Amino acid sequence: MTKKFVDNLPELEKNFALKAPHLKEEMQQCLELIEVFLDKKGRDEFDIQDLNKTFRLPNKLKAVLFLFVEELTREGFLHKNRNVYHINRNRKTAQEPKGSVGKISIHPSGFGFVSLKEYDVFIPKHLILNAMDQDTVEVEVLSLEGRNKKGPEGRVTNVVKRSKASVIGTIVEIKPGSLRVRVSLQGESQLFCVPMPTSPVEIGDRILLEVHSLRNQLHLIFEKKIGSIFDPLSDLEAVKEEYVLPKQFPQAAIDEANAFGSEIILSQHKDRVDHTNLFTVTIDPKTAKDFDDALSIERTTKGYKLYVHVADASYYVKKGSHLDQEAILRKNSTYLVGTCIPMLPHVLADNLCSLKEGVARLAVTVEMHMDKKGNLTSHKIYRSIINSNHRLSYEDAFEIMHSKDKTFLHDQLQLMRELALHLKAIKHERGSVDLSLSELVWRLGDDGIPSGFEISHYDITHQLVEEFMLKANEVIATELKNKEVALIYRVHEPPSPETMMEFKNFCVKLGVLVPEQFGSKELAKVFEAHRESAFISELSSRYIRSMRLATYSTDAIGHHGLMLENYTHFTSPIRRYVDIIIHRLIFNESYSQEELDEIAQNSSEKERHSARAEMSYLTLKKMRYISRKFDKEPQRTYKATITRVKPFGIVFEVKDFGLEGFLHISKLGEDYFEFHPKKEKITGKRSQLTFEIGYQFIVQVESVNLLFQEISWKMGPKGA
């Protein structure tokens, strides 16, 4: 049998990559060949040269034998330590993959998760095979606990279906007959050799590439040119192509939207509660165009009456309509710097559905009665008509709230503030952590490069809007659940005990005193106690990284971050499809369990996909901003704070514009630096200079490479 395997190598060489998933018989023959070889030698280990010398193979067939040996290693029949292989005698037969099929979500760092019905499987970066984000893959579960006991861990054994037929690349080199193209895959830049197209191209051109794949290789073919990486105005088209973001609305959907007209005719909606005389305000970012929600409040003898009015998008987006079909495909709006790819056509998103100031609009109102401490005593949910009295930005609301002019609007905002503080206290008592992180809001210039940014502070105006939306979402979820209506929940699983122990150790390294019993309530108190500390940003960022992602599910497993048993998304139907579904369920439209499951899963995937597109676009725009700064002020320095310490360097955040950077250990100074894994720090042997999480220092830009979308950093001058 072993001779048969060696004799077949010339034929196998022709199509190994294509046929490897099905070469089980040949794999078994190769394994037996190795066992016979080792038995004759009286050894348990070998290197590839041993086999080549024994069978005297030509160079071409040596490569094929090596591929089989590597495949056996990947399958677990062999173990590899550097260049030496050891046979796993506990595993004798090459079997069909034990895998299940699911979609893989690949993190920017390169690892991934495959969503199966039973659980999510963690896939280390080196076991992803050639899968791309959102591909349908076959996965083999290697361990139900994983190496760090954080859940199931496995490997991708086959790519069943590609999520997209093309990728975006940037030409970095032109060779005779071929292009060298940089493509971002699995969290890193990868270089591919692409056959020369017939149309003229230049270095820096962004090109769309068709994906053709064999088992262990991607083959990319030029499809069309999109623009140049050196042209910032081409960024939008490139991100749309790269992430397959929707472009124009179908004419049928636009026609449906236009058919509603531009104004609300009150006489056609007499069945609704008329709140057009109820004092109502919207509070949103300055740049907002679509206003999903509006607020009204009254003081009562027993406490408060809070009205949360939400745009009645489901009135316009009827189940099965062209608008509905397009919203199903889009699932959510995608917000890119300076623009938005909406879920609904602009005539609805920015006009008819938008709760604009001074015009009548259709809404769904959640009317909540609360006692003097903010506890809910009763509520009503109904369709209404409102007329917003004021369109306020967060800055407007903050200024009026703290003004000495005691206007009615001032008093209303103060009353909202009063109730919001009660709701925050209740949330804090539940053990929900209030991170209160500021946000950078970027302004995009006409040339496609950011002209600057503003810091949006998470002040009381942001907090009161959030508290009122959270309460409305909770009320809706509880109402539907109590009526035994199947619905889509917004869920958030708690972190593993191991992850929380890691976070606890991180707190200790920062000098934060934590109690022995470290539950949610104790954690909330830690954040409250250190809200004004210098390291609150690092603490918050590390906590966020330790959390699982919130998703949609038809199972009421609760929301750990909010510490709520029942929670859903109801308050943003202009930009989230799940919210439209919830509106329909409130008013007795029916969905099967299978339909809701599919919508929940697809909405979770689409949300993550949009977030990746938004982050990719924002990161490139930040890079362009820094590049321009570097061209004008090459010696400019920036404040940086270490967020992670690796064996080979430090990861830091540039506070000025919220961008992550990396410094290799060789750039830290003229010293021999040692990495201390348990303490997560790097120390200079002679100088004792220590780099650890939270350490603040000065950096400078060394270079900006737009072709590879990389910024090279260096230590700033001492004393800067």
### Task
Kindly check whether there is at least one residue in the stretch 333-350 that is charged (D, E, K, R) and crowded, with 19+ Cβ neighbours inside 10 Å.
no
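How many residues does the stretch 382-402 contain that are within 33 Å of the chain's Cα centre (by Cα) and part of a strand (DSSP E or B)?
Residues of the stretch 382-402 within 33 Å of the chain's Cα centre (by Cα): 391-398.
Applying the additional criterion that residues be part of a strand (DSSP E or B) yields 391-393.
Going through the stretch 382-402 one residue at a time, the tally reaches 3.
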### Query
Has the stretch 566-583 got at least one residue that is over 22 Å from Ser314 (Cα atoms) and either surrounded by 15 or more Cβ atoms within 10 Å (Cβ to Cβ) or at pLDDT 95 or above (or both)?
yes
### Query
What are the residue pairs meeting all of these: first residue in the stretch 22-42, first residue within 14 Å of Asn88 (Cα to Cα), second residue at pLDDT 65 or above and surrounded by fewer than 18 Cβ atoms within 10 Å (Cβ to Cβ), Cβ atoms under 7 Å, and 6 or more apart or on different chains?
Leu38/Asp44
### Message
For a quick check of your reading of the model, give me the residue pairs whose first member lies in the stretch 405-419 and is assigned by TED's automatic domain parsing to the domain that holds Leu278 and in contact (Cβ under 8 Å) with a residue 12 or more places away in the chain, whose second is buried (at least 16 other Cβ atoms within 10 Å of the Cβ) and not hydrophobic (A, V, I, L, M, F, W, C), with beta-carbon atoms closer than 7 Å and at least 6 apart or on different chains.
### Response
Leu409/His390; Leu419/Tyr304; Leu419/Gly374
### Task
Determine if the stretch 198-206 includes at least one residue that is surrounded by 15 or more Cβ atoms within 10 Å (Cβ to Cβ) and touching a Gly at 6+ places or on another chain (Cβ under 7 Å).
yes
### Message
Regarding the stretch 530-543, can at least one residue be identified that is charged (D, E, K, R) and buried (at least 18 other Cβ atoms within 10 Å of the Cβ)?
### Response
yes
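If you check Val114 against the conditions, is it surrounded by fewer than 17 Cβ atoms within 10 Å (Cβ to Cβ) and at pLDDT 75 or above? Spell out the reasoning first.
Numbers: surrounded by fewer than 17 Cβ atoms within 10 Å (Cβ to Cβ): no; at pLDDT 75 or above: yes.
Spelling it out, it is not the case that Val114 is surrounded by fewer than 17 Cβ atoms within 10 Å (Cβ to Cβ) and at pLDDT 75 or above.
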### Task
Identify all residues within the stretch 216-275 that are among the acidic types (Asp, Glu) and either over 29 Å from the mean Cα position of the chain (by Cα) or outside any strand (DSSP E or B) (or both); write none if there are none.
Asp231, Asp235, Glu237, Glu241, Glu242, Asp255, Glu256, Glu263, Asp271, Asp274
### Query
Hey, does the stretch 130-153 have a residue that's crowded, with 17+ Cβ neighbours inside 10 Å, outside any loop (DSSP other than H, G, I, E, B), within 23 Å of the chain's Cα centre (by Cα) and hydroxyl-bearing (Ser, Thr, Tyr)?
no
### Message
Take the conditions surrounded by 17 or more Cβ atoms within 10 Å (Cβ to Cβ), assigned by TED's automatic domain parsing to the domain that holds Leu409 and either out of contact with any Phe, Trp or Tyr (no Cβ under 8 Å at 6 or more places or on another chain) or not in a helix (DSSP H, G or I) (or both) and apply them to Thr282. Does it pass?
### Response
yes
### Query
Can you tell me which residue in the stretch 661-708 is nearest to the chain's Cα centre (by Cα), limited to those that are small (Gly, Ala, Ser) and assigned to a strand (DSSP E or B)?
Gly661
### Task
Kindly indicate the residue of the stretch 627-647 that is touching a residue at least 24 places away in the same chain (Cβ under 8 Å) and assigned to a loop (DSSP other than H, G, I, E, B) and also nearest to the chain's Cα centre (by Cα) among those meeting that condition.
Pro647
### Message
With the requirement that a residue be of a type in the set (Phe, Trp, Tyr), surrounded by 15 or more Cβ atoms within 10 Å (Cβ to Cβ) and either free of Cβ contacts under 8 Å to residues at least 24 places away in the same chain or more than 21 Å from Ser712 (Cβ to Cβ) (or both), what does the stretch 656-683 give you?
### Response
Phe673, Phe675
#### Entry: Top-ranked residue of the stretch 427-444 - restricted to ones that are in a helix (DSSP H, G or I) and touching an Asp or Glu at 6+ places or on another chain (Cβ under 9 Å), ranked as surrounded by the most Cβ atoms within 10 Å (Cβ to Cβ)
Lys427
### Query
What are the residues in the stretch 491-519 that are outside any helix (DSSP H, G or I), farther than 22 Å from Ser533 by Cβ and touching a residue at least 24 places away in the same chain (Cβ under 8 Å), if any?
Val491, His492, Glu493, Pro494, Pro495, Ser496
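Can you confirm whether Ser262 is within 22 Å of Gly338 (Cβ to Cβ) and not charged (D, E, K, R)?
On the way: within 22 Å of Gly338 (Cβ to Cβ): no; not charged (D, E, K, R): yes.
Judged against the criteria, Ser262 is not a match.
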### Query
What's the number of the condition Asp656 fails, among (1) of a type outside the set (Ser, Thr, Tyr); (2) in a loop (DSSP other than H, G, I, E, B); (3) within 24 Å of Glu188 (Cβ to Cβ)?
(3)
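How many of the residues making up the stretch 472-493 are on the phi < 0 side of the Ramachandran plot and over 25 Å from the mean Cα position of the chain (by Cα)?
So in the stretch 472-493, the residues on the phi < 0 side of the Ramachandran plot come out as 472-483, 485-493.
Adding the requirement that they be over 25 Å from the mean Cα position of the chain (by Cα) leaves 472, 475-476, 478-483, 485-486.
Within the stretch 472-493, residues that are on the phi < 0 side of the Ramachandran plot and over 25 Å from the mean Cα position of the chain (by Cα) number 11.
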### Message
Cβ contacts < 7 Å: first residue in the same structural domain as His309 (by TED's automatic domain parsing), restricted to the stretch 576-593; second residue assigned to a loop (DSSP other than H, G, I, E, B) and among the basic types (Lys, Arg), any location; separation 6+ or different chain. Result?
### Response
Tyr577/Lys331; Arg584/Lys319; Glu589/Lys319
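Are any residues in the stretch 188-212 in a strand (DSSP E or B) and without any contact (Cβ under 8 Å) to a residue 12 or more places away in the chain, and if so, which ones?
Gln190, His212
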### Task
For the stretch 314-342, enumerate the residues that are on the phi > 0 side of the Ramachandran plot and either modelled with pLDDT under 95 or acidic (Asp, Glu) (or both).
Gly338
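The values are calculated or read from the model by the stated rules, or taken from the named source; none is laboratory data. No experiment lies behind these values; they were computed from the predicted model shown. Note: ideal-geometry Cβ built from the backbone for every residue, glycine included; neighbour counts use all protein chains shown.
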